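Visitor: Let me begin by handing over the structure; questions about it come next.
The values are calculated or read from the model by the stated rules, or taken from the named source; none is laboratory data. From a predicted model like this one, the values you see are computed outputs, not experimental measurements. Glycine also receives a Cβ, built like all others from the backbone with ideal geometry; neighbour counts cover every protein chain displayed.
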Amino acid sequence: MLHASAEAWNRGDLDGFLADYAEDATFVGSTGLIRGAAEIRRRYAEGYWSGGTPPDALRFEMLDVRVTGPATATAVGRYILYDRETSETTGTGLFTLSLGRIEGEWKILHDHSSADEQD
């Protein structure tokens, strides 16, 4: 799921990147609480996608996935943004995803992402 999300990001496909979010998902990041997939989409469109395609590429490193019930799980990982030409890391941070199975597919119910402090 996260590999496909990163591939969509790297293609500049915002809808593909956000496809795993439930319609009523919530997101917490540096701008506070955002409610709903439409608002999450707007945030990304006005931020990383404001120039058409994100300037940096994305990959994820998974730290831990725990099944918490028959249709729920929690994933904790690290995101890494890096320069598309040099592969130099431009930003990193941790995330926690609350996942649920909706109509047979895993969806992100809540995303809490925190950027690491940059030197």
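Visitor: Please pick out the residue among Phe95, Phe27 that is of a type outside the set (Asp, Glu) and in contact (Cβ under 8 Å) with a residue 60 or more places away in the chain.
Guide: Values: Phe95 fails: in contact (Cβ under 8 Å) with a residue 60 or more places away in the chain.
Step by step, each of Phe95, Phe27 is checked, and only Phe27 is of a type outside the set (Asp, Glu) and in contact (Cβ under 8 Å) with a residue 60 or more places away in the chain.
Visitor: Across the stretch 86-105, what is the number of residues that are among the hydroxyl-bearing types (Ser, Thr, Tyr) and buried (at least 16 other Cβ atoms within 10 Å of the Cβ)? Outline the logic, then answer.
Guide: Let us first name the residues in the stretch 86-105 that are among the hydroxyl-bearing types (Ser, Thr, Tyr), namely 86-87, 89-90, 92, 96, 98.
Cutting the leftovers down to buried (at least 16 other Cβ atoms within 10 Å of the Cβ) gives us 96, 98.
Selection size over the stretch 86-105: 2.
Visitor: Based on this model, can you work out whether Ser113 counts as under 15 Å from the mean Cα position of the chain (by Cα), closer than 16 Å to Ala6 by Cα and of a type outside the set (A, V, I, L, M, F, W, C)? Full working, then the answer.
Guide: Details: under 15 Å from the mean Cα position of the chain (by Cα): yes; closer than 16 Å to Ala6 by Cα: yes; of a type outside the set (A, V, I, L, M, F, W, C): yes.
Yes: the conditions hold for Ser113.
Visitor: Now for a different question. Which residues, taken from the stretch 106-119, are among the β-branched types (Val, Ile, Thr) and surrounded by fewer than 15 Cβ atoms within 10 Å (Cβ to Cβ)?
Guide: Within the stretch 106-119, none qualify.
Visitor: If we keep just the residues of the stretch 25-66 that are surrounded by fewer than 12 Cβ atoms within 10 Å (Cβ to Cβ) and acidic (Asp, Glu), which is nearest to Ser114 (Cα to Cα)?
Guide: Only one residue fits best here, namely Glu61.
Visitor: When Ile34 is evaluated against the numbered criteria (1) touching a Phe, Trp or Tyr at 6+ places or on another chain (Cβ under 9 Å); (2) β-branched (Val, Ile, Thr); (3) closer than 20 Å to His3 by Cβ, which criterion, by number, is the only one it fails?
Guide: The failed condition is (3).
Visitor: Ok, one more. Check Leu94 against each of (1) at pLDDT below 95; (2) within 11 Å of the chain's Cα centre (by Cα); (3) under 18 Å from Asp116 (Cβ atoms) and name the one condition it does not meet.
Guide: (1)
Visitor: Next question. Which of the numbered conditions does Asp13 fail, given that it passes all the others? Conditions: (1) exposed (fewer than 14 other Cβ atoms within 10 Å of the Cβ); (2) within 15 Å of the chain's Cα centre (by Cα); (3) over 15 Å from Ser113 (Cα atoms).
Guide: With respect to (1) exposed (fewer than 14 other Cβ atoms within 10 Å of the Cβ); (2) within 15 Å of the chain's Cα centre (by Cα); (3) over 15 Å from Ser113 (Cα atoms), Asp13 is out only on (1).
Visitor: Still on this structure, I have one more. I'm told Arg78 meets every condition in (1) surrounded by 15 or more Cβ atoms within 10 Å (Cβ to Cβ); (2) within 17 Å of His3 (Cβ to Cβ) except one. Can you identify the failing condition by its number?
Guide: Checking Arg78 against (1) surrounded by 15 or more Cβ atoms within 10 Å (Cβ to Cβ); (2) within 17 Å of His3 (Cβ to Cβ), the one that fails is (1).
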